[in-house]
Amino acid sequence: MKIIILGAGQVGGSLAEHLANEANDITVVDTDEARLRELRDRLDISVVTGEASHPDILAQAGMEDADMLVAVTSDDEINMIACTVAENLFHTPTKIARVRATSYLTHQKLFESGAIPIDVLISPEQLMSEYIFRLIEQPGALQVLDFADGKVQLVAVKAYHGGPLVGQELRFLREHMPAVETRVAAIYRRNRAIMPTGTTVIEADDEVFFIAAKADIRAVMSELRRLEVAYKRITIAGGGNIGLRLARMLEGRYNVRVIEYNKSRCIRLSEQLERAIVIQGSASDKDLLLEESIEDTDVFLALTNDDEANIMSSMLAKRLGARKVMTLINNPAYVDVVQGGDIDIAISPQTTTIGSLLTHVRRGDIVNVHSLRRGAAEAIEIIAHGDAKSSKVVGKALEDIDLPEGANIGAIVRQGPDGDEVVIAHDDVVVQSGDHVIIFLLQKKHIRDVEKLFQVGFSFF
């Protein structure tokens, strides 16, 4: 597939790396010649220096025969104009754009009418707000990923000493919870991936990824660690787009406070929030945090655009007694360094955005893609089509499907007479046409093999 990526920043560069490793023809456009040179020297891609929305630059990048345009520059207007140029001058089949400004996103008619010809809108702030909201819904989880419109979740937790299943083989999980269906998709032990089997023994400090219906998540977590009490008091440091979106989502169910340094922004936040309390000041101010009783906070969220400020305020909040600390980290190199000490969860916006982009770039009928473990692993939701003659998966039991190494089917969501049914993967489960199959890949390099496995033969048509 020939893909033009506009923007060589964290998201554009990461996307280029993902796609270049999967035998795509990638060209990246940016005004930063040094950044482009660094990407070209490291990846098998082409680069073009220039303004991403200019027709001559897009032509130079090969837009006339591109299959897809992905516009992820830091400028909403450039992204939108580039898509318009690509549609009107080059008739590019698929146009994806990152748009951040809420003032655009609240007027969907701009995009639905075709006035701005964008096929897929990506809003990092919306994706991040939804991701953090899920973490707050499931206290104690390190990651919470939705599949099948939230009916199924893939959750990562750290196994603790004293968990009923810690020190036991996985095959005993069903005995512990006979009424709950779940499957452990992967285990990471001292940063090494383990493909779980029935005889795998869970150890304390293992990072365990399991999949289950949303209603059963808490029950499964209780087998691996002591359940945390539901959160009540949330403090958000940073009233930017993510902070505002999240406060709106939370204020109806939680006691929410937003700390914002900029006075005019505080006034705007106060006008747009109904129940949340807005406090002007710095989240790195010890006296302010003590005055606001930070020791009674269940979750402290540092959501500014400044990594260093986020880290400093988070460490201070934790030492002053905040129960759980989550921090937005824009530089991926910092994520592994800060998580696990004073900071409980480091959140990477690039990882979340990349997953959403990959959903629309992958071949096959893929509904969801989540990038995991800093891009090393992936979880995907793909729809099975065809019949026993035209498909390599339909009509087969899971134990007979030739999955690539390190791939693991966790669950199937199937349309039934009473709505969607969640079927946790067992060897004798037979795949049907129309099933949404959720697959965990320890190594994303095998994604092309999975896509080929789910391709339908010509006899289907």
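The values are calculated or read from the model by the stated rules, or taken from the named source; none is laboratory data. Here the structure is a predicted model, which means the values were calculated and not measured. Using ideal geometry, Cβ is built from the backbone for each residue, glycine included, and neighbour counts are taken over all protein chains shown. Heads up: the accessible areas ignore ligands, DNA and RNA and are worked out on the full protein's heavy atoms, side chains in. Shrake-Rupley method; radii C 1.70, N 1.55, O 1.52, S 1.80 Å.
Overview of values
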{"quantity": "DSSP beta bridges in the chain [antiparallel fraction, %, rounded to 5]", "calculated": "55"}
{"quantity": "The chain - percent of accessible surface contributed by carbon and sulfur, probe 1.4 Å", "calculated": "47"}
{"quantity": "Three-way shape label, the range 330-430, alpha-carbon gyration tensor, a/c 1.5", "calculated": "prolate"}
{"quantity": "Solvent-accessible area of SER356 with every protein chain in place, 1.4 Å probe, in Å² to the nearest 10", "calculated": "20"}
{"quantity": "Unsatisfied cross-links (Cα-Cα over 20 Å) in the set LYS151/LYS445; LYS389/LYS444; LYS2/LYS452; LYS389/LYS452; LYS232/LYS318", "calculated": "LYS151/LYS445; LYS389/LYS444"}
{"quantity": "For the range 387-435: rounded, prolate or oblate by the Cα gyration tensor [a/c cutoff 1.5]", "calculated": "oblate"}
{"quantity": "Between the range 184-240 and the range 353-394, the Cα center-to-center distance that results, in Å", "calculated": "23"}
{"quantity": "Answer label for Kirkwood radius over Cα pairs in Å (calculated), chosen among [x] 23.6; [y] 25.2; [z] 23.0", "calculated": "[x]"}
{"quantity": "Residue-span extension gain [LEU89 to GLN60] - 0.36 nm each, minus C-alpha spacing", "calculated": "9.1 nm"}
{"quantity": "Protection-proxy order for peptides 293-303, 140-150, 387-397, each taking the mean of Cβ atoms within 10 Å per residue, highest first", "calculated": "293-303, 140-150, 387-397"}
{"quantity": "Contact order normalised by residue count of the range 173-300, Cα under 8 Å, 6+ apart, percent", "calculated": "19"}
{"quantity": "Sequence of SER53, SER270 when ordered by accessible area, the most exposed leading, probe 1.4 angstrom", "calculated": "SER270, SER53"}
{"quantity": "Distance between the range 255-282 and the range 129-143 - C-alpha centres, whole angstrom", "calculated": "22"}
{"quantity": "Cα centroid separation, the range 1-49 to the range 89-112 (Å)", "calculated": "22"}
{"quantity": "Positive-end residue, the chain charge dipole about Cα centroid, Cβ charges, pick of GLY167, ILE116, MET1", "calculated": "GLY167"}
{"quantity": "Average accessible surface area per residue within the chain, 1.4 Å rolling probe, Å²", "calculated": "44"}
